[in-house]
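Report on the following structure.
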Protein chains: 2
Amino acid sequence: MAVDQKSEVRGQRSAQAISNTQYPISQVVALAGGVGGAKLAHGLAQQLAPDQLTIIVNTGDDFEHLGLLICPDIDTVLYNLAEVQHPQQGWGRADESFQVLEETKRLGHDAWFRLGDRDIALHLLRRQMLDAGMSLTEVIAALARRLGVTHLVLPMSDQSVRTIIHTPEGELPFQEYFVHRRTEPTMLGMHMAGLEQARPTAAVSTALAEADLIIFCPSNPYVSIDPILALPSVREAVARTPTIAVSPIIGGRALKGPAAKMMAEVGADVSAVGVARHYADLLDAFVLDQADRRLVDAISALGIRSFVTDTIMRDKTDRARLAAEVLSFAQSRKPVP
Amino acid sequence: MAVDQKSEVRGQRSAQAISNTQYPISQVVALAGGVGGAKLAHGLAQQLAPDQLTIIVNTGDDFEHLGLLICPDIDTVLYNLAEVQHPQQGWGRADESFQVLEETKRLGHDAWFRLGDRDIALHLLRRQMLDAGMSLTEVIAALARRLGVTHLVLPMSDQSVRTIIHTPEGELPFQEYFVHRRTEPTMLGMHMAGLEQARPTAAVSTALAEADLIIFCPSNPYVSIDPILALPSVREAVARTPTIAVSPIIGGRALKGPAAKMMAEVGADVSAVGVARHYADLLDAFVLDQADRRLVDAISALGIRSFVTDTIMRDKTDRARLAAEVLSFAQSRKPVP
C-alpha cells in the first residue's frame, strides 16, 4: 500500500516534479531517527518533490504505553514534516495540552512518559487502525495523509523490533532507559529484540533499490540508524548506493539525546570522526560542523570526502539550507582530497 | 475478585456499619442504567454504608469507540458516586476538556461521540487493564477504587451484551441509535446481541442472592433494566426478593433519554402506570412523582403499593432525600391500600 501511495503521489505531483530539476538526483532515501533526523528530513522535504524523497524511519524505540503504540521517531518525523511539532522540545506537538495525562495521574497511573492530548489523538487513531488489521506502513501512510504530509515516510519494518540497552542494572527497553531513567545508567551494549523475525517492508526495499543517494541523517548511530541497517539486506542495499552522512556529534557533544554519552561508554571516539568511523564501510561523503573543521583530515584518512558547514538547524530555513548543501555536495562527486 | 473486594470493604467498614442502623435492611441491591439510575445510586450511597449497598449496572449500551471500550452506564454511576460528574449534562465529567477529540476530528475522525479528555483517561486505563487480562468486574473495581468510590459497583456481566434497536432503517447498535441518530428512528423492537453467551457475574449472583431489597432505579425499563433482568437466573432471583421501583416517567415524559418515546413506539402506556405494568410480576412497591398522584389507584390495581413524592433529583440533597424515602417506604411494608 505504501508503494501504491507513492505511485499515487507521483501521479499527483508529476507536473510539479518535472519543474523541480534543481537536483539531477532523482531518488533520495533518508535514514532517520529522532529529532535531528526529523529536522534534516524536513529540510530535504523542502528541497525535493514528494516523488524524489523517501524517509525510512527507525522503529526500534517504539513502545507500548497506556495501551497505545507510541512510535517516537516516526511521529517526530511526521510532526516536523507537517510543521506541527513543538518549537523547542525535541518531541511532541505545538500548542499541546496534557489533560488526559493529568487525569491518568490522578487515577494512579505512573505517567513517566509525557503524552500530550494531540499526541494521544494520533496514537488512538493508530491503535484503532492496527486493531483493524492494517500494517504499520499502511497506518503511517494514512496518518501522514491526514496530517497533510506528502513525502513518503516509511517505518523500517512492519514487525516489532525493540532496542534493548544493556546496563549494570540489567537490560532496559529503550524508552525506559531514555525517558524514565533519563539515560543515567551506563550503556554496556545493546541488542534488538525481535530482529530475527523482522524484515524491511517491501516499500523500504523498493526505495533502497531505486535510490541514487542515501542520506544518514544526524541521528544517533547506535539506536536510530543501526537498527535500520541491521534489518536483513538493508546494509547490502546501502553499500551499493552513494551515501552521505551528517554528523550528529558537534564539538564532541550531541545536540540532543544520548549519542555522545553512548559513544564514550562503548569506548568510541566521541567526535564526528568517531561517527564517520562507525559508518566507514558504507560512507562516501560526510558533512561535519564548522566547529569540527580540524577533523577534515581525519575523515579524509578514512577514505571519505567531507564538507564543512553550519550543521545546527535552528529554524525551517536552516533545515532547508543544510539539506541543499548536503544534496549539492553529495552530487558534486568531488574526490577525497 | 469483586466479591473479595466487597468482603474487604466489609472488614474495613464494620465499625461504621454497626453504627449505621438507620435501616434494618442489611443488604440492598440497586439495578441501574444511565443518569437517573446514577443519581439514585448516589442518593443510596449517601444513606447506606459500603457493606449495605451493591449497585448492579447495565452494560448493554457499552460500545467500542476510538479503539476504547466505553461503558456509559457504569461510568456515569462511578462519576456520580465519586462526585466528579458533569453538573448539568447527563454524562461525562465536570471540568472536562475535549483536546483529544478536537485533534482526532482534525485528523479526519468522525467524532460523533463526545469523549472528553478526563473520560478518555479512564477509558485508556480500562483498555489497558482489559488487555492485561482482567475481567470487566475487576477493572471496574480497580477504577472505582482509584476514583475513591467505596460502594460496590458491578457490571451486570463480564461477557459482552449489546442492545440492538430495531428501526425501519434496520438494526442499530444502541449508541448509534441514541447518540449518533439522537433517537430519531422509530423503535420497532430490540434485542440483546450476545445474550446467549452471557451470564451474570458471580459477584452479581451473590449480591442478588443476599439482597433483602432490590431497587429498580429510575432508568429506562427497556434498555437499562431489562438487559440486567434478561441475564440467566437474574429475573428468578429478583422475583424471590422484596422490590421497589422508582418511576423514570413523570407526567408522561422521561426526564432524560428516550424512555417515553420508546414506550409510545412499542404501544405501551406512556406513564408511571405503564412502567409499573412493565415490571408488574416483579414489583412489590413503586415510587411515583407527585405530578402523577392521580395514578396511585391504577398502581394499586396492579397489586403494587405506591408512594408519592418529589422524584426529581436536582442536587445531592435531593438524591439523599429520595433514597431515604425509597428505603423507608420499602421497609414500611404497608399493604396495598
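Values as computed for the structure displayed
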{"read-out": "Filter pass, residue A:280 being surrounded by 21 or more Cβ atoms within 10 Å (Cβ to Cβ), farther than 22 Å from residue A:312 by Cα and not hydroxyl-bearing (Ser, Thr, Tyr)", "value": "no"}
{"read-out": "Hits in region A:60-75 - residues which are assigned to a helix (DSSP H, G or I) and of a type in the set (A, V, I, L, M)", "value": "A:74"}
{"read-out": "Filter result (facing another protein chain (nearest Cβ under 8 Å) and touching a residue at least 40 places away in the same chain (Cβ under 8 Å)) within region B:125-146", "value": "B:127, B:143"}
{"read-out": "Tally, over region A:76-112, of residues that are under 20 Å from the mean Cα position of the chain (by Cα), of a type in the set (A, V, I, L, M, F, W, C) and assigned to a loop (DSSP other than H, G, I, E, B)", "value": "4"}
{"read-out": "Top-ranked residue of region A:263-312 - restricted to ones that are touching a residue at least 60 places away in the same chain (Cβ under 8 Å) and part of a loop (DSSP other than H, G, I, E, B), ranked as farthest from the chain's Cα centre (by Cα)", "value": "A:266"}
{"read-out": "Residue count for region A:82-115, restricted to those that are crowded, with 23+ Cβ neighbours inside 10 Å and touching a strand residue (DSSP E or B) at 6+ places or on another chain (Cβ under 7 Å)", "value": "1"}
{"read-out": "Failed criterion for residue B:51 (all others in (1) away from chain A (no Cβ under 14 Å); (2) among the charged types (D, E, K, R); (3) part of a strand (DSSP E or B) hold)", "value": "(3)"}
{"read-out": "Residue in region A:317-337 that is at pLDDT 95 or above, assigned to a loop (DSSP other than H, G, I, E, B) and either closer than 23 Å to residue A:56 by Cβ or touching an Asp or Glu at 6+ places or on another chain (Cβ under 7 Å) (or both) present", "value": "no"}
{"read-out": "Boolean, residue A:138 is of a type in the set (Asp, Glu), crowded, with 17+ Cβ neighbours inside 10 Å and either modelled with pLDDT of 95 or more or in contact with a strand residue (DSSP E or B) (Cβ under 7 Å, 6 or more places away or on another chain) (or both)", "value": "yes"}
{"read-out": "Selected residue (criterion: surrounded by the fewest Cβ atoms within 10 Å (Cβ to Cβ)) from residues of region B:226-261 that are among the small types (Gly, Ala, Ser) and not in a loop (DSSP other than H, G, I, E, B)", "value": "B:239"}
{"read-out": "Residue in region A:69-81 that is surrounded by 19 or more Cβ atoms within 10 Å (Cβ to Cβ), more than 9 Å from chain B (Cβ to nearest Cβ) and acidic (Asp, Glu) present", "value": "yes"}
{"read-out": "Count - residues of region B:184-193 that are in a loop (DSSP other than H, G, I, E, B) and surrounded by 15 or more Cβ atoms within 10 Å (Cβ to Cβ)", "value": "3"}
{"read-out": "Single residue of B:223, B:179, B:153, B:149 found to be closer than 29 Å to residue B:114 by Cα, away from chain A (no Cβ under 14 Å) and outside any helix (DSSP H, G or I)", "value": "B:153"}
{"read-out": "From the options A:122, A:115, residue that is within 9 Å of another protein chain (Cβ to nearest Cβ), without any contact (Cβ under 8 Å) to a residue 60 or more places away in the chain, farther than 23 Å from residue A:205 by Cα and under 22 Å from the mean Cα position of the chain (by Cα)", "value": "A:122"}
{"read-out": "Failed item, numbered, when residue A:109 is tested on (1) in contact (Cβ under 8 Å) with a residue 40 or more places away in the chain; (2) closer than 16 Å to residue A:179 by Cβ; (3) more than 8 Å from chain B (Cβ to nearest Cβ)", "value": "(3)"}
{"read-out": "Residue within region A:167-184 that is under 28 Å from residue A:83 (Cα atoms), in contact with a Ser or Thr (Cβ under 6 Å, 6 or more places away or on another chain) and among the polar types (S, T, N, Q) present", "value": "no"}
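The values are calculated or read from the model by the stated rules, or taken from the named source; none is laboratory data. Keep in mind that what you see is a predicted model, and the values were worked out from it rather than measured. Neighbour counts are summed over all protein chains in view; Cβ atoms, including those assigned to glycine, are modelled from backbone coordinates with ideal geometry.
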